[in-house]
């Protein structure tokens, strides 16, 4: 792994913001040429998916398990400007457990979206019913790479309720259609990344602009959590370094996920070598 990534470790301000608000934004993560290259791959995959599944040109696509569909996606897995912040939050016993590609075209011309409440949710499905604590444990986070400029409202902005990761429930207005007053649109330029706690209450929104919004979501979790996707990545393993293999799910065996040896978690050894023993202490 490139040691220059150490220039982008999690800052104390980012840690404090993540702990208090449940998300933070990092701009200028991807150079614009890479944004264009990744967007071209996303367009190709999106077009094929729509053709093969009879998806309309104005319908939103949320394609799971995209990580294995092109080499360019592998490069973002441990991108130097984001990955140190991931392990800074979750530690070294981590994996990629979930990816989804979201492409939200504008709605049909002249058709305004129906007035209704956004689809507020916390990530991870049954975890939110099976875990009994308040608040529930973090367990995972997502990094969303934005390929589209969403600084203007109406571009299918991602909405969050800051601080709601510390609440198992949120109060919604009684009218049944309005969103909570704290609902905040995430407005970022192309090439930015948004880090967010899986527990934060968040929602997609309609695209009322003339621009298709495209974003890639990478979910990182502790290695003992079962993947949320099929993780179709076996064809990558022989060309990956040990840390990437760890992130893609490699292990010495079942026991290695819950009681890992050094061979299971090369990321731990790398952090220890470059940052010292204290950086990998339990």
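The values are calculated or read from the model by the stated rules, or taken from the named source; none is laboratory data. What you are looking at is a predicted structure, and each value in this text was computed from that prediction instead of being measured. All Cβ positions, glycine included, derive from the backbone under ideal geometry; neighbour counts span all protein chains shown.
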Among the residues in region 8-24, are any over 19 Å from the mean Cα position of the chain (by Cα) and either in a strand (DSSP E or B) or touching a residue at least 40 places away in the same chain (Cβ under 8 Å) (or both)? no
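Is it the case that region 63-70 has a residue that's within 25 Å of residue 197 (Cβ to Cβ) and in a helix (DSSP H, G or I)? Even if it seems obvious, please write down each step before you answer.
Here is the first cut: in region 63-70, the ones within 25 Å of residue 197 (Cβ to Cβ) are 63-67.
From what's left, in a helix (DSSP H, G or I): 66-67.
Within region 63-70, one or more residues are within 25 Å of residue 197 (Cβ to Cβ) and in a helix (DSSP H, G or I).
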Segments classed as strands (runs of 3 or more DSSP E), wholly inside region 74-190, with at least 2 members that are under 18 Å from residue 35 (Cα atoms): 94-104, 140-146
Tabulated pairs, region 232-249, first crowded, with 17+ Cβ neighbours inside 10 Å, second at pLDDT below 95 and not in a helix (DSSP H, G or I), C-beta under 9 angstrom, 6+ apart or interchain: 243/1; 244/1
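Can you name every one of the helices (runs of 4 or more DSSP H) wholly within region 210-282 that holds 2 or more residues which are closer than 24 Å to residue 146 by Cα?
On the way: elements: 242-247, 255-258, 266-275.
Result: 242-247.
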Search result, residues across region 193-219 that are within 18 Å of residue 40 (Cα to Cα) and surrounded by 20 or more Cβ atoms within 10 Å (Cβ to Cβ): 212, 213, 214, 215, 216, 217
Could you say which residue among 143, 103 is within 17 Å of the chain's Cα centre (by Cα), closer than 30 Å to residue 279 by Cα, buried (at least 17 other Cβ atoms within 10 Å of the Cβ) and modelled with pLDDT of 95 or more? 143
Could we say that residue 53 is out of contact with any helix residue (DSSP H, G or I) (no Cβ under 7 Å at 6 or more places or on another chain) and either on the phi > 0 side of the Ramachandran plot or touching a residue at least 24 places away in the same chain (Cβ under 8 Å) (or both) here? no
